[in-house]
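Bear in mind that the values in this text are calculations on the coordinates, not laboratory data. Since the structure is predicted, the reported quantities are computational estimates derived from the model, not experimental observations.
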Amino acid sequence: MNWYGIIAIWRFEMARFFRSLVQSIVSPVLSTSLYFVVFGAAIGSRIDQIEGVSYGAFIVPGLIMLTVLQQSLQNASFGIYFPKFIGTIFEVLSAPLSAFEIVAGYVGAAALKGLMIGLIILATSFFFVDITIQHPVWMVAFLVLTCISFALLGFILGIWAKTFEQLNLVPLLVVTPLVFLGGSFYSISMLPPFWQTVSLFNPVLYLVSGFRWSFFGMSDVPVAASLAAITIFTLACFAVVWWIFRTGYRLKA
């Protein structure tokens with residue numbers, strides 16, 4: 001294992017993150033704070049509780065997931081797309097690094113960025129609502145798995161994209177709607193039976209539900225199903241990344 005190579009990629013990506021703190025940290029935290037104000041105060045004043053949990057506290061896991069998914073995806077996709085765009089990706093590919101080591105450097109940095117932002121937003125939420133985390137170890141586990149899986153997805157997206165428009169297409173038109181429709185701001189038990197069934201086909205529902213269970217001990221789907229869903233998704237992303245490096249898809253052309 002070439003740890004020097006992995007750390008070099010990781011340090012480069014983290015340095016880029018800290019050079020743009022306003023965009024990387026301040027912007028998502030302020031955006032999430034606005035969600036707390038709008039949804040927690042305005043809408044929360046009209047919704048008493050959901051399964052014994054105040055609405056302001058209920059939306060905290062969903063808001064964290066919303067930001068973590070977007071940040072992990074965007075950081076990983078941009079991290080690999082930009083070297084490909086300017087041509088420096090060939091320097092990385094020609095270095096004495098295996099495919100796993102390259103992915104570990106880029107994905108590890110993107111996942112850590114998402115994890116840091118998620119924990120910062122969690123700390124910020126205590127200024128707005130009272131929260132008790134029933135299963136802190138599982139909370140961290142779900143958060144880490146989500147960061148890794150969506151950083152892998154972002155890595156795949158960054159390799160697939162040929163333009164900046166394509167780079168923003170999937171997060172804007174696919175991921176964000178899935179998060180909003182995945183029970184981030186409501187429980188699917190509040191929906192009519194037909195839409196409850198439809199929601200079960202939304203993969204993000206399983207992530208949000210499992211993460212919310214770690215906070216309040218309540219979930220829309222069984223926790224085992226949430227763990228299975230995120231594990232399968234992560235393995236599927238690993239399989240796609242393996243295929244990309246095996247075939248050189250949009251890397252060596």
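Mind listing the phi-derived Karplus ³J(HN,Hα) values for region 98-105, rounded to whole Hz, using 6.51, -1.76 and 1.60 with θ = phi - 60°, and x for any glycine or proline?
Listing the rounded values in order: 7, 4, 4, 5, 5, 5, 4, x Hz.
What full-extension length gain, to one decimal in nm, is calculated for residue 119 and residue 8 as 0.36 nm per residue of separation minus the Cα-Cα distance?
37.5 nm is the gain from fully extending residue 119 to residue 8.
With semi-axes √(5λ) of the Cα gyration tensor in Å as the read-out, I listed (i) 29, 25, 17; (ii) 25, 24, 18; (iii) 34, 19, 16; which label goes with the value calculated from this structure?
Answer by label: (iii).
Let me test this: with uniform point scatterers at the alpha carbons of region 157-253, what is the Debye-based log₁₀ I(q)/I(0) at q = 0.14, 0.17, 0.25 1/Å?
-0.66, -0.86, -1.24
Tell me the mean residue ellipticity at 222 nm calculated for the chain from its helices only (DSSP H runs of n ≥ 4, each -39500 (n - 2.57), averaged over every residue, nearest 500). Walk me through the numbers on the way to the answer.
Numbers: 12 runs with 173 residues, N = 253.
Counting only the DSSP helices, I get -22000 deg cm²/dmol.
Can you work out the Karplus-derived ³J(HN,Hα) for every residue in region 195-203? Use 6.51 cos²θ - 1.76 cosθ + 1.60 with θ = phi - 60°, whole Hz, and x for glycine or proline.
Calculated HN-Hα couplings, in order: 6, 5, 5, 4, 5, 5, 8, 8, x Hz.
From the phi of every residue in region 4-15, what ³J(HN,Hα) in whole Hz does the Karplus formula 6.51 cos²θ - 1.76 cosθ + 1.60 yield, where θ is phi - 60° and glycine or proline is x?
Listing the rounded values in order: 5, x, 4, 5, 5, 5, 4, 5, 4, 5, 5, 5 Hz.
Once each part is reduced to its C-alpha centroid, what is the distance from region 48-91 to region 157-175 in angstrom?
For region 48-91 versus region 157-175, the Cα centre distance is 14 Å.
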